[in-house]
Structures are given as structure tokens and as C-alpha cells.
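Data first, discussion second: the structure below is written as C-alpha cells.
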Amino acid sequence: MNIWEAFLLAAAFTLVCAGYVGKKVIKIDLSGLLPKNWKRAKRRRLLAERRTPLQGAGLRDDIKKSFENVLLPLGRADKGLLPARMDKTFRRNTERQLELLKQRKLCREIRLADVVPVPKNDFKRWNDDGREWRESILQCCALERFASSGGEKLIQETYHKKAYARILQSRHVRNADRVGKKENYYVDRIKVICPSCGAEVELNSQQTVCPYCGGVMQSDFYDWQTEAFEVYEEIGEDLQRALYLLASSMILFICVFLCLWLIPDIQVSLAVGFGVAIVVLASILIMTSRKTAKQEKLPEEIVRYSENYLRSCINESLYQKISDTDLMEYSVGSIILKKVVNTEKTTQITARVYISETYLPEGKKPYTKKHKRILTLQRARYPQRRKSDGSFFTEKDCPSCGANFIPDENHCCSFCGYGLHLNNSKWSLKTTKK
């Protein structure tokens, strides 16, 4: 069989196999053809007048408030609207963004519509490193607009057909309360009865003032602290399956084509080609799964590992001193651990991190740069071990909320309840390379 006959027969065989598999695993969604899902109709819903960004979205009040605490300050370029409880690194990043927007006399308005909570209208919760975490991811369509402060001039508009809005929050969990594997430690302490006037008061911090009689109530309740916010796009599950099917089809085509060209018997060559393709695909899957399993085991070698705290330390290390005046926003995305080395006193890790930077030049449109780096970081192996020489109880700045305070008897910030780790738990950057 000549090369062209082998090529055509291999292509036909591959198309038949891909069509059969695709019919089983890929669901074709035609809902995008409906008039209500056209870009014009979605844009009309995105630009509809609302008193608040998520008015009418059908979200619970706590989820809605969590998102609007970030969306409102960005939309008005006003630092005064930021929530009191924010991660120190995230606050620094957000305040820099708002300051630059104010200098450029702009605002960054993020509008969301057709909000569908994923997977349910609730927070995903977990605990690690002495903190309780909650995360909400909303599937929606989004419109991001950079406009003048008065809204008269539009600088840039970006439409995201299938977007995800993500908010991440955490709060400190006291050692005394850390009993069993709970998802929520302080859910039953949201409302209390004022001992002075008997009114029901909603708690929002460790010290709450009764709005009826002015009585001050101290509480062990720790309010949620915003750690991260982002709006991003991801390919759909069906599109992802289609890409995997395309890659598998290419491997099948190459194997069948070579066998048809080299083996005279067509039936034998098709069977051998199909078998070789199965072996190649199985080998790739085995190698990939082994590599993934190895990377998933690396965090287990680190005492009290928290990826969110590591991300905060990387953000602080990389952007401690910012020389570029046009840098508006920066973020560390995926973190892939490559190596963990433990000694008696220290833990050293090597990680590949993906970084995104957004710039806003004077008089120009904003643009984003994405790149990856290989970082080497180090910290104490056992971060829970405290200093006992008395120097711990000195006045300092909280690494979480930034308040100046003296740690309490449980080594926690007296304002936000953050469990202090000192420098022995902080990841310090040793080397970096692209």
C-alpha cells in the first residue's frame, strides 16, 4: 500500500473511531443558539441598573455580601469601602489597585449576570493550619469595564461568556474549640441576646456594640477574613473532553497510518495499529497518574502545610518592593510542588508557580502578562513551636489584619484572632528563576 492510500484509510478509520467515542462522551449543547443566550441579550442583562452588583441574583445574603465587599470598592475606586477584615497581602494588592485607578481617574466595574452557583448555592468549607476556610465559586457571564470615574468615557470592555467569580475567606479557630472534624466552628454564635436590653444582635467581630442600647459585648466569635477574589474563564467540560479526544485521535491516526504503510495485510495492520495506539495511550496515562500521585504526596511531607498561606507568602516576597508604577494588580495562581527537603530544623521546597500581572499605563488600555517561575522557599520544619523567652509578647503588626497589638495568652491577634506563627512559619524566598 502506497503512502497516500495508507494516509486516507488511516484518516477514515480514525474518524469512525473518534465519531463513535465522541457520541458516547460528548454532549452537544445547543442552548447557546437561543435568543436569550446571545451576546446582545446577555449584555443587556449585564448593563441593567442595580442598586448593588448582585441584586436579584438569587444568592444567600452571606454569599452576596462576601462578593459585594470587593465588587463595590472596585466599581467606585474607593478604599474606604473595603471590608475591615482582609488578608494583609490581599489588602495591600487591592489598595494599590484602587490608588492607581484613582490616579488615572478610572474605576473598574465588574458586572455579573445569569449567576449559577457551582455546585450548590453554598460555601465549600475545609480546615487546615488552624484556620477554617470557605470558598464560593459562581458560574456566570461577566462584563469587566474600565471607565472614567463619572462613567462618561469607556476605556476598555471585556466580555466573558462563561466566567467564574471566586471568593476565598478564612477565620482563626482557637485550639480549645478545635474538637473533632467540624466544617463550621462558630455557626451557632452568629446571633446573641444583648444582656442589657434583651435585643437580638448579630455578631460581626469580637467586640459588638448593640445598636439599640449601645451596650458593648465581647465574644469569642471570629469574623470571616477575605483572602482572595478573582474573575476568570475556564473551558467547559465537553470542550475539554473534545480536546482529549482530538489528542487521542492523533495518536491513533499516526499508529494506524504507519502500520498500514509498513504491513501489507490491511486487517492485520489495522488491528496492530489500534493495539499500538491503546498501548501508547495507556503508557501516557500511567506516567501522568504516577507523576500526579507523586506531587499529591509532597504536601504530606510538610508539617502544617497550607497552600493558601504559601501563596500569600509568595505574593509578599515577590512584590515586597514594586518599582513599576504601572503595575495595577498581581496574583499567584497554581502552585505545583516539585521537591521537598526536610532537615532537623528546616523545610525547603521547590515549586513551579504561575503568575499574572495586570498593568495600567497612563492614557492607555490595561493589559495582562502571564508567566511561570521556579521558586525555592524555606521555613522552620515545626512552625507550631513557640518562643519561650518572653520576647513573643511584644507589640507587633498582625500579619493578617495589620493591626498593632500585643498577642494574647493563646498567641493570637487580639483584634482578628489570627494565630501567630512568627517568622518560623513564614516561607522565605531563597532563589527564583524563569
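Okay, here's what the table says:
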| item | result |
| --- | --- |
| Test: residue in region 327-343 that is over 27 Å from residue 233 (Cα atoms), of a type outside the set (Phe, Trp, Tyr) and part of a loop (DSSP other than H, G, I, E, B) | yes |
| When residues of region 286-316 are limited to those that are of a type in the set (A, V, I, L, M, F, W, C) and under 23 Å from residue 345 (Cβ atoms), the one modelled with the lowest pLDDT | 303 |
| Filtered residues of region 342-356 (kept if more than 15 Å from the chain's Cα centre (by Cα) and open to solvent by less than 60 Å² (accessible area, probe 1.4 Å)) | 342, 346, 347, 349, 350, 351, 352 |
| Selection status of residue 126, within 23 Å of residue 308 (Cα to Cα), hydrophobic (A, V, I, L, M, F, W, C), open to solvent by 60 Å² or more (accessible area, probe 1.4 Å) and assigned to a strand (DSSP E or B) | yes |
| All positions within region 288-308 that are open to solvent by 50 Å² or more (accessible area, probe 1.4 Å) and in contact (Cβ under 8 Å) with a residue 40 or more places away in the chain | 295, 301, 304 |
| Filtered residues of region 220-240 (kept if crowded, with 16+ Cβ neighbours inside 10 Å, touching a helix residue (DSSP H, G or I) at 6+ places or on another chain (Cβ under 8 Å) and either of a type in the set (A, V, I, L, M) or not in a strand (DSSP E or B) (or both)) | 221, 224, 228 |
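The values are calculated or read from the model by the stated rules, or taken from the named source; none is laboratory data. It should be emphasised that the depicted structure is a prediction, and the values quoted were computed from it without experimental measurement. Cβ atoms come from the backbone with ideal geometry, glycine included; neighbour counts cover every protein chain shown. Note: accessible area is taken over every heavy atom of the protein model, side chains too, but ligands, DNA and RNA are not part of it. Shrake-Rupley method; radii C 1.70, N 1.55, O 1.52, S 1.80 Å.
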